[in-house]
Amino acid sequence: MKRIFLDNCHSVNGEIEGLNDTFKELEFLSMVNVALTSLAGLPSLSKLRKLELSDNIISGGLEVLAEKCPNLTYLNLSGNKIKDLSTVEALQNLKSLKSLDLFNCEITNLQDYRESIFELLQQITYLDGFDQEDNEAPDSEEEEDDEEDDDEEDEEEEEDEAGPPGGYEEEEEDEDEAGSDLEGEEEEVGLSYLMKEEIQVNKHFSPSPKNIVFGIT
């Protein structure tokens, strides 16, 4: 299991029941609106890349993330109680962090908010969905879909190289269809030939036009 969604669950003392160190392969974790006040209970998830924590009550303690999730590339803290730059400073130790979302946090009301965050966290490329030149970040879901499509294409190519299991049966069917077409042509030629022969025979008896039509039919 690489992705878990725990949105709208209720935490107890900052912890989600059942979420523990056994999920070591986890790469994506979403805990939106779970009433989290602290990240102290977060298990060690060394392979975690994306963490969704929007709409909680987190106001500090972000230094835990560098210890528990050192390889994070995407972090969403929008809608929390983060007010000042000193709180965000703890994210400097997340060396792989590329995208940070603080939308709807009080810190966004600070003067020169964006410039200050980019200066403080020089490893990030996107803040609240945009880079320093206001270019929008690519949709992470689309990127995942593209990766899945690439995997499917690779699998299809491997199957094509190996050859379909029923390949010989399909060839036999094609041969049968071709044979049936030839039989149909032979039938048509035979019928035309017989019709001509019948007409030639009927000429000796000088049939009436009605008989000729009847013979052709």
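For region 1-35, filtered to residues that are without any contact (Cβ under 8 Å) to a residue 24 or more places away in the chain and under 11 Å from L48 (Cα atoms), the residue that is most open to solvent (accessible area, probe 1.4 Å) is K24.
Taken together, the residues in region 55-88 that are in a loop (DSSP other than H, G, I, E, B) and open to solvent by 10 Å² or more (accessible area, probe 1.4 Å) amount to 13.
Going by the structure shown, is L91 of a type in the set (A, V, I, L, M, F, W, C), assigned to a helix (DSSP H, G or I) and within 24 Å of G129 (Cα to Cα)? Yes, satisfied.
Among residues of region 120-135 that are closer than 18 Å to A66 by Cβ, those with a Cβ under 7 angstrom from a residue that is aliphatic (A, V, I, L, M) and open to solvent by 40 Å² or more (accessible area, probe 1.4 Å), sequence gap 6+ or separate chain, pair up as L120/L85. If the condition is being in contact with a Ser or Thr (Cβ under 7 Å, 6 or more places away or on another chain) and open to solvent by 80 Å² or more (accessible area, probe 1.4 Å), then region 100-141 contributes F103, N104.
The values are calculated or read from the model by the stated rules, or taken from the named source; none is laboratory data. What you see is a predicted model, and the numbers here were worked out from it, not measured in a lab. Note: ideal-geometry Cβ built from the backbone for every residue, glycine included; neighbour counts use all protein chains shown. Note: areas computed on protein heavy atoms with side chains; ligands, DNA, RNA excluded. Shrake-Rupley method; radii C 1.70, N 1.55, O 1.52, S 1.80 Å.
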